[in-house]
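*Asks:* This is the structure I have questions about; it appears just below.
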Amino acid sequence: MRIVLVHGGWQGGWAWDGVVAELAKAGHEVWAPTLQGLGDNDDRAGVTLSTMADNLIGRIADKGWDRFVVVGHSGGGPLIQLVAEAMPEQVEQAIFIDAWVLADGESINAILPTELANFARGTAASSPDQSVPIPPQLFMTAFLQDGSEELHAQVEPRLVPSPGGWLDEPIRLRSAGTGDVPSGYIFLQEDRAVPQELYRASADRLTNPTTASSPGSHMAMLTRPVELAAAIVSVMS
């Protein structure tokens, strides 16, 4: 199976390296791009959810894959909704990993806890390029609390600001969830980035998703890549 892995905020495609290796060992062809606005030297001004989606859809099209599974983590969820809507004949399945599933006209900030949404909006408003950097200690304690000190030291210099428009632009969808594209949802058992009921509410917006759980924090792709790859395969099956 061909698989596109879509990362979440403040990171790049590198976050999936361990999962890519495991899926490749199982015979899958995997691509984990770094999203527009999340490269080390990217211009983040004017980058929004829709520009990121258009960029990602164009890059997938350039690969020439006729059928593939798309997997989105965290803020990658709305992006894979847009991929599924734009490419319904090519997307075999859209799989969400503790990821946001938005309704038409809704933004990520609209469903985040108020404190987090206010932090994101306030930080973007005070930033010259409307981006949202994350304090490294917050990332480590909220997203990667099961990582070792060594892993934290490796990850910290790779963190980049997220485009504010990714979080604050309302999504535009013709169909709810993933439309007619089959879906799946993987819950991360030790994720404490936000209350677990918010992830369950996102999963409830999908139509008959195949579900699974996998150990690890919000960044389980870094701490438990073997188990997360196995969960992805189980949901695809």
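The values are calculated or read from the model by the stated rules, or taken from the named source; none is laboratory data. Quick caveat, the model's predicted, so the values are computed rather than measured. Positions of Cβ are backbone-derived with ideal geometry, glycine not excepted, and every protein chain shown enters the neighbour counts.
*Asks:* So in region 6-27, with the set limited to residues that are in contact with a Lys or Arg (Cβ under 9 Å, 6 or more places away or on another chain) and within 18 Å of Phe96 (Cβ to Cβ), which one is surrounded by the most Cβ atoms within 10 Å (Cβ to Cβ)?
*Replies:* The qualifying residue surrounded by the most Cβ atoms within 10 Å (Cβ to Cβ) is Gln11.
*Asks:* Conditions: (1) free of Cβ contacts under 8 Å to residues at least 60 places away in the same chain; (2) not in a loop (DSSP other than H, G, I, E, B). Gln81 meets all but one. Number of the miss?
*Replies:* (1)
*Asks:* Oh, and also: Condition first: of a type in the set (Val, Ile, Thr) and over 13 Å from the mean Cα position of the chain (by Cα). Now tell me which residues in region 4-49 satisfy that.
*Replies:* Val19, Val20, Val30, Val47, Thr48, listed by residue number.
*Asks:* Quickly run through region 50-90 and pick out the residues that are over 12 Å from the mean Cα position of the chain (by Cα), surrounded by 17 or more Cβ atoms within 10 Å (Cβ to Cβ) and of a type in the set (Val, Ile, Thr).
*Replies:* Passing the criteria: Ile60, Val69, Val83.
*Asks:* If a residue has to be in a loop (DSSP other than H, G, I, E, B) and touching a helix residue (DSSP H, G or I) at 6+ places or on another chain (Cβ under 8 Å) to count, how many in region 29-43 make the cut?
*Replies:* Matching residues across region 29-43 total 6.
*Asks:* Which residue pairs have Cβ atoms closer than 6 Å, lie 6 or more positions apart in sequence or on different chains, and pair a first residue in region 172-186 that is of a type in the set (Phe, Trp, Tyr) with a second residue that is crowded, with 24+ Cβ neighbours inside 10 Å?
*Replies:* Sorted first by the residue in region 172-186, then by its partner, the pairs are Tyr185/Phe96.
*Asks:* What are the residues in region 55-78 that are among the small types (Gly, Ala, Ser), part of a loop (DSSP other than H, G, I, E, B) and either more than 23 Å from Val194 (Cβ to Cβ) or touching a strand residue (DSSP E or B) at 6+ places or on another chain (Cβ under 7 Å) (or both), if any?
*Replies:* Gly64
*Asks:* How do the helices (runs of 4 or more DSSP H) wholly within region 156-237 filter down when requiring 1 or more residues that are of a type in the set (A, V, I, L, M) and closer than 28 Å to Ala125 by Cα: which remain?
*Replies:* Where helices (runs of 4 or more DSSP H) fall fully within region 156-237 and carry at least 1 residues being of a type in the set (A, V, I, L, M) and closer than 28 Å to Ala125 by Cα, they are 164-168, 196-203.
*Asks:* Residue by residue through region 181-232, note down the ones that are among the β-branched types (Val, Ile, Thr), buried (at least 16 other Cβ atoms within 10 Å of the Cβ) and more than 23 Å from His152 (Cα to Cα).
*Replies:* Val181, Ile186, Thr210, Thr211, Ile232
*Asks:* From the set of residues in region 134-149 that are under 18 Å from the mean Cα position of the chain (by Cα) and in a loop (DSSP other than H, G, I, E, B), which is surrounded by the most Cβ atoms within 10 Å (Cβ to Cβ)?
*Replies:* Phe143
*Asks:* Taking the conditions exactly as written (over 23 Å from Thr211 (Cα atoms), outside any loop (DSSP other than H, G, I, E, B) and either basic (Lys, Arg) or at pLDDT 95 or above (or both)), does Gly105 satisfy them or not?
*Replies:* For Gly105, the condition - over 23 Å from Thr211 (Cα atoms), outside any loop (DSSP other than H, G, I, E, B) and either basic (Lys, Arg) or at pLDDT 95 or above (or both) - is not met.
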